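Below: the structure, in structure tokens.
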Amino acid sequence: MNIIDSPGTGQTQQERFEKTRTLIFPDSNFACRELAAEVAELIRTRKEKGKNVVMGLATGSTPVPFYRELIRLHNEEGLDFRNVITFNLDEYYGLTADHPESYNRFMRDQLFDHVNIPNEQINIPDGTVALDEVYGSCIDYEGRIQEAGGLDLQILGIGRTGHIGFNEPGSAEDSKTRMITLDRVTRQDAAADFMGVANVPRSAITMGVGTILDAKRLVLMAWGENKAEIVREAVEGEVTDRISASFLQTHDNATFLVDTAAASKLTRRHHPWLVGSVKWDEQTTKRAVIWLSQKLDTPLLKLVDEDYNENGVGELLVSQNRQAYHVNIDVFNQVQQTISGWPGGKQGTEGENRPGRAQPFPKKVLILSPEPHDAFVGMGGTIERLVEQGHDVKIAFQTSGNLRVGDTAAQQFANVVLEMAETGLGGDWEKQVGYAQSILDQLEAKGEFGIDPEDVRKLKGLVLRGEGREAGRNAGLTPEQMVFLDLPFYDAGRYRRFALKESDTVRMFEMLQSWKPHQIYATGNVADPSSLQALSFNAFTAAMERCADEEWRSDCRVWLYRGSDQAAMEIHEIGMAVPMSPDQIAIKCDAVRKFQSIGSAENEAAGSIQQTATLYDDLGMAEYEAIEAFHLQDA
Ligand code: GLP
């Protein structure tokens, strides 16, 4: 792949729905290594000719692995950035360069402080100019890009609204650098960074769609399943100002780089039978028939031969020499068999086709929750079932989640301590008063958006720990069944910029070795690779690899679930569907409600599990109130 010079090469049959060239990589590291190698090549060849490279840069978690690779090339292979001029896409309005969430600060932390781009060659929109000077400063920004010779390569991420930079829905194709009001969804997505949506700035300064399209080359990166739907719309849908990334279709040298999770909704991955011949094995057959049923809004058992033929799946019937009737029944049975109210297996059902194997019984079960509320949101009902059905359950909270806790929770705690001392409950309160006062002072000193000092993070983590215990108790767990792992990567980092360390794997490894579970529930496998869910998952898988030769390992199954902020599992991916009654949902929501300090994720707790139940019902399965979904990880 030549990132800069070659426009899209000819498309294959499989890619014919894609209107912008899209390259799918096994994971973000592969993609970023390739992109960084091309950029390095460009920097070097331009340098030999005594010329500069003008790069447009992006923020967010998406480009983080790319920047890490550039830093590695600088440190280990001597890549020299002195001939690089950079222009960043955007900046929040109202944030100073030093604000921990400003894009200026982000870029220094993630790239500029680690490579040798001369300071005067770095350009980032200024979020602090007075309102009446914004227009002038935007014109000036455009002028500086022109003066530098125009952008050679613009790096892009994509927001959930389909925006590039901060070009929210409605941004015109020829728009230039300007101030923009942020969309509700965009602010919601930034809420965790700012410890609450109320703190997220309402506006930003961004390069326009036109500014971006003027670049000679565009590379948009997207990782993780949460981006899959918007990537599909941008790549396969109409060009529309509702999705500014769709304008890349009009550029003659634009490429999407995506990982398999972000590619999962593209036609060639999601319903490949529409773009060519496929191997009709059991899994593909199941996928295709479920897809057909959903597309036609017809229950599985009512699909007829014509439905298959008229919708591009006729080949399935021909290749298997069967009629729709028989295929329908097969798939119906497969989906039916995923439903089980016995997630840990049911004694006396050996040999039956159930997702949870009957033996051993009771099982030692380990539930991994990246942040304390993840497991309760994703599988709260199942936790309760496992406990009630007599399994030996442990829940391990992988991180403390303290970054999600607002200042108010810490203030309240400190104030209660001061009140208690004041009311003279007896004993010597000097130490406690000193502690509470120092928390209040530190909160005051850092200000609303400042980075929490260690003491404050610790306290916030403990507040959440208490809530986690309450939630666990709600689900029937005793204090001994709850383990707080506090993986070190979390406490050394911030959202979108975490980095895993050996100590994380070691801690996970020790946990696994001490418990030797028969069944594990984990999440984060299809999350954005920089997210804490993904890092928590990676620490787990790295630890599992170290256990490869252990006896317990070969007798242990791993079920994957979708935690907080993650898209629901698709029906064809579900290997175990645990149904829930309205009463059970109420219990689950009660548990989730315990996480008061991070704002209730209650709606989320019920939302996607009810949606899954509706999808099962639509296929012609029994009608449940909700279903918690799990996917069996390959052995
Ligand atoms: C923000 C930025 C975009 C970025 C998007 C996605 O809106 N302005 O440039 O692409 O977030 O962020 P992330 O990469 O963290 O998913």
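The values are calculated or read from the model by the stated rules, or taken from the named source; none is laboratory data. These figures come from a predicted structure and were not determined experimentally. Because the Cβ atoms are built from the backbone with ideal geometry, glycine has one as well, and the counts that use them run over all protein chains shown. Accessible surface is based on the protein model in full, side chains and every heavy atom, while ligands, DNA and RNA are left aside. Shrake-Rupley method; radii C 1.70, N 1.55, O 1.52, S 1.80 Å.
Here are the numbers for this structure:
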read-out	value
The lone exception for I205 - which of (1) over 30 Å from Y490 (Cα atoms); (2) among the aliphatic types (A, V, I, L, M); (3) modelled with pLDDT under 95 it fails	(3)
Residues within segment 188-204 that are within 17 Å of the chain's Cα centre (by Cα) and within 8 Å of the ligand (Cβ to nearest atom), tallied	2
Residue match in segment 332-350 (condition: more than 30 Å from V463 (Cβ to Cβ), among the basic types (K, R) and surrounded by 16 or more Cβ atoms within 10 Å (Cβ to Cβ))	yes
Test: residue in segment 363-372 that is open to solvent by 10 Å² or more (accessible area, probe 1.4 Å) and not charged (D, E, K, R)	no
L266 being buried (at least 19 other Cβ atoms within 10 Å of the Cβ) and more than 16 Å from the ligand (Cβ to nearest atom)	yes
Condition met for V278 (out of contact with any His (no Cβ under 9 Å at 6 or more places or on another chain), outside any helix (DSSP H, G or I) and open to solvent by 30 Å² or more (accessible area, probe 1.4 Å))	yes
Pairs with Cβ under 6 Å, 6+ apart, first in segment 127-145 and within 13 Å of M207 (Cα to Cα), second among the basic types (K, R) and not in a loop (DSSP other than H, G, I, E, B)	C138/R178
Qualifying residue in segment 152-159 (condition: assigned by TED's automatic domain parsing to the domain that holds L35, more than 18 Å from T59 (Cβ to Cβ) and in a helix (DSSP H, G or I))	no
Of residues in segment 30-68 being farther than 17 Å from M107 by Cα and polar (S, T, N, Q), the one nearest to the ligand (Cβ to nearest atom)	N52
All positions within segment 140-161 that are of a type in the set (G, A, S) and at pLDDT 95 or above	G143, A148, G149, G150, G157
Test: residue in segment 95-115 that is assigned to a helix (DSSP H, G or I), away from the ligand (no atom under 16 Å from the Cβ) and open to solvent by less than 40 Å² (accessible area, probe 1.4 Å)	yes
Only one of A567, A543 that is at pLDDT below 95 and either within 16 Å of the ligand (Cβ to nearest atom) or not hydroxyl-bearing (S, T, Y) (or both)	A567
Of residues in segment 243-263 being more than 16 Å from the ligand (Cβ to nearest atom) and not hydroxyl-bearing (S, T, Y), the one farthest from the chain's Cα centre (by Cα)	D252
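For every residue, the table says whether it meets (1) at pLDDT 95 or above; (2) open to solvent by 10 Å² or more (accessible area, probe 1.4 Å); (3) more than 9 Å from the ligand (Cβ to nearest atom).
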| residue | (1), (2), (3) |
| --- | --- |
| Y135 | yes, yes, yes |
| I164 | yes, no, no |
| I180 | yes, yes, yes |
| T186 | no, yes, no |
| D214 | yes, yes, yes |
| I230 | yes, yes, yes |
